[in-house]
């Protein structure tokens with residue numbers, strides 16, 4: 001297992017309520033390209049792959065669309081992916097097969113009622129990412145899928161919708177949500193964060209709700225990496241945190257800091273993070 005002491009000792013300390021000094025996701029990606037082992041680059045591939053998914057959807061809708069540079073592939077490679085898929089010329093060694101399959105089926109699905117291509121491809125992304133060889137990364141992707149499904153289910157239940165119609169995925173949590181009539185879908189003993197999510201979903205302000213979700217995920221990453229802050233898992237977690245900070249960089253600075261500080265402290269009051277690791 002590789003240790004990235006020089007890398008992680010040199011990055012700025014960041015907090016969800018204070019992004020001063022944080023570098024960009026793109027800048028950190030460039031830095032990682034120079035220092036990661038080939039094995040660990042394959043793990044970071046899973047992080048960048050989400051951008052590939054969204055880029056592919058954009059180009060399927062509009063070949064001239066502007067795309068993110070945070071993916072694994074170039075515009076030329078996306079075009080090759082799309083052309084090869086349409087010609088049924090799949091090369092599973094060149095790209096993840098789910099991307100090629102999605103590209104091939106897009107023309108048949110795009111006009112279907114209730115079809116949302118971004119949701120559809122991200123579901124396939126999670127299925128793929130859940131096979132990642134690194135345990136912590138698998139847990140991260142599964143947690144994200146579970147959080148999305150639990151929050152969706154809680155909202156559906158609140159408005160009297162059929163919960164099962166809105167759940168995506170096939171893991172055990174999905175099945176429990178689809179079949180349980182319990183307030184917490186019987187997940188209270190399975191997942192220690194269900195109670196936190198039930199509180200989050202009660203928030204009426206959608207922006208505040210998103211902040212609380214990111215604060216929850218930030219603390220999850222801290223819990224998973226505080227024992228080894230120089231491992232690839234910590235590098236991955238740092239990249240995830242930078243992504244969160246970029247998403248919120250347009251917030252009013254002082255208001256944003258205070259809001260996040262309050263949210264973090266409220267969550268930490270219930271989280272099992274050792275006292276010496278609390279800010």
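Number of residues in the stretch 128-139 that are touching a helix residue (DSSP H, G or I) at 6+ places or on another chain (Cβ under 7 Å) and without any contact (Cβ under 8 Å) to a residue 60 or more places away in the chain: the value is 1. Residues in the stretch 1-49 that are at pLDDT below 90, exposed (fewer than 13 other Cβ atoms within 10 Å of the Cβ) and within 27 Å of residue 216 (Cβ to Cβ): 20, 21. Total residues in the stretch 179-190 satisfying the condition of being surrounded by 15 or more Cβ atoms within 10 Å (Cβ to Cβ) and either at pLDDT below 90 or under 20 Å from residue 243 (Cβ atoms) (or both): the figure is 0. Summed over the stretch 57-80, the residues that are within 16 Å of residue 97 (Cα to Cα), touching a helix residue (DSSP H, G or I) at 6+ places or on another chain (Cβ under 6 Å) and not in a loop (DSSP other than H, G, I, E, B) give a count of 2. The residue pairs whose first member lies in the stretch 220-231 and is under 18 Å from residue 138 (Cβ atoms), whose second member is modelled with pLDDT under 95, and whose beta carbons are closer than 6 Å, counting only pairs six or more residues apart or on different chains, are 223/273.
When the stretch 108-135 is filtered for residues that are over 16 Å from the mean Cα position of the chain (by Cα), surrounded by fewer than 17 Cβ atoms within 10 Å (Cβ to Cβ) and part of a helix (DSSP H, G or I), the ones remaining, listed by number, are 108, 109.
The values are calculated or read from the model by the stated rules, or taken from the named source; none is laboratory data. What you see is a predicted model, and the numbers here were worked out from it, not measured in a lab. When we count neighbours, we look across all protein chains shown, and the Cβ atoms used for this are built from the backbone with ideal geometry, even at glycine.
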